[in-house]
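Written out below as structure tokens is the structure these notes cover.
The values are calculated or read from the model by the stated rules, or taken from the named source; none is laboratory data. Quantities reported herein were computed from a predicted structural model and do not represent experimental measurements. Cβ coordinates were reconstructed from backbone atoms using ideal geometry, including for glycine residues, and neighbour counts include every protein chain displayed. The protein model used for the area step is the full one, side chains on, heavy atoms only, and it has no ligands, DNA or RNA in it. Shrake-Rupley method; radii C 1.70, N 1.55, O 1.52, S 1.80 Å.
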Amino acid sequence: MNKQRIPIIAGNWKMNKTSIEARDLATKLVPLVANVKDREVVLAPAFTALQTVGQAIRGTNIALAAQNLFWEEKGAYTGEISAEMLLDLGCRYVIIGHSERRQFFGDNDDTVNKKTRQALRKGLSPIVCVGETLAEREADKLNDVINRQVAGGLKDISTEDMKKLVIAYEPVWAIGTGKTATPEQANEVHALIRQRVKSLFNAEIAGGLRIQYGGSVTPDNVASLMAMSDIDGALVGGASLKPESFAALVKFT
Ligand code: PEP
């Protein structure tokens, strides 16, 4: 873990929890992480629970995130949610290009880039997800895929805006499968991402960039992942759905 970069642990609740269930989960979590000061804690409930969760965490050390947004300002885009709507509910972060969105909803490097630029334009901090499938890894395409996703997702972003952005490296084969990348495997890709960002921007931006790991992170494996030089946080699905496990994970030592 690099002390210059404040660790960021985010819970992605995906399509789980009604607004009341989500509020209850957030309410239980608040006292469990109240004394955590040296790392950022973020919750990403479904759109329909942003309001109740936002109320439950108001004034605490937990920040609110959305799981997606649309890149246009407003208008005839049935079913979509704008940056302004997310800001209105108190969101500070927005997850963009999660592999489930790439897999099931057609997100690609171009739309990820449009969403990322819109989030930044509006003052939301994007958590941009990248990661290879098992087939890509086995076909030796890991570097190509990561380089393409990083360059495509971050196209035309200013160095100033890069300071607000977080990248999440999530190998698709490790998401929700119980298979975690080893700390060494993960760190190798984090270093590759940092290198790519350095070549696209500069050493200062690359050095300050926070890169989360995601893929079956649990209270048992978080510390060994966070001990690695280029891992600056975690994006957590399953283990964020219970207050005790997410709190234990946030409090890794
Ligand atoms: C995720 O939702 O981004 C994720 C990594 O899920 P899980 O922790 O369940 O693998």
Checklist entry - Any chance segment 86-93 includes a residue that's among the hydroxyl-bearing types (S, T, Y), under 26 Å from S245 (Cβ atoms) and either open to solvent by 30 Å² or more (accessible area, probe 1.4 Å) or in contact with a Leu (Cβ under 6 Å, 6 or more places away or on another chain) (or both)? => result no
Checklist entry - Taking Y93, is it of a type in the set (F, W, Y) and closer than 30 Å to A223 by Cβ? => result yes
Next on the checklist: Can you list residue pairs whose Cβ atoms sit under 7 Å apart, with the first residue in segment 174-187 being closer than 14 Å to M228 by Cα and the second being within 15 Å of the ligand (Cβ to nearest atom) and open to solvent by 60 Å² or more (accessible area, probe 1.4 Å)? Count only pairs 6 or more apart in sequence or on different chains.
Outcome noted: none
Item to check | Where D110 falls short, out of the listed (1) more than 25 Å from W173 (Cβ to Cβ); (2) open to solvent by 50 Å² or more (accessible area, probe 1.4 Å) | outcome: (1)
Next on the checklist: Test of understanding: among L64, L43, L32, which residue is modelled with pLDDT of 95 or more, open to solvent by 30 Å² or more (accessible area, probe 1.4 Å) and not small (G, A, S)?
Outcome noted: L32
Item to check | Selection within segment 28-43 - over 19 Å from I167 (Cα atoms) and not in a loop (DSSP other than H, G, I, E, B) | outcome: K28, L29, V30, P31, L32, V33
Checklist outcome for this item: If we keep only residues of segment 160-179 that are more than 17 Å from D232 (Cβ to Cβ) and among the charged types (D, E, K, R), then the residue nearest to the ligand (Cβ to nearest atom) is K179
Checklist outcome for this item: Of the candidates E72, E21, the one satisfying the condition of being open to solvent by 60 Å² or more (accessible area, probe 1.4 Å), of a type in the set (D, E, K, R) and in contact (Cβ under 8 Å) with a residue 40 or more places away in the chain is E72
Checklist outcome for this item: V145: passes all of (1) surrounded by 20 or more Cβ atoms within 10 Å (Cβ to Cβ); (2) without any contact (Cβ under 8 Å) to a residue 60 or more places away in the chain but (1)
Checklist outcome for this item: Within segment 220-241, the count of residues that are more than 9 Å from the ligand (Cβ to nearest atom) and closer than 19 Å to N61 by Cβ comes to 4
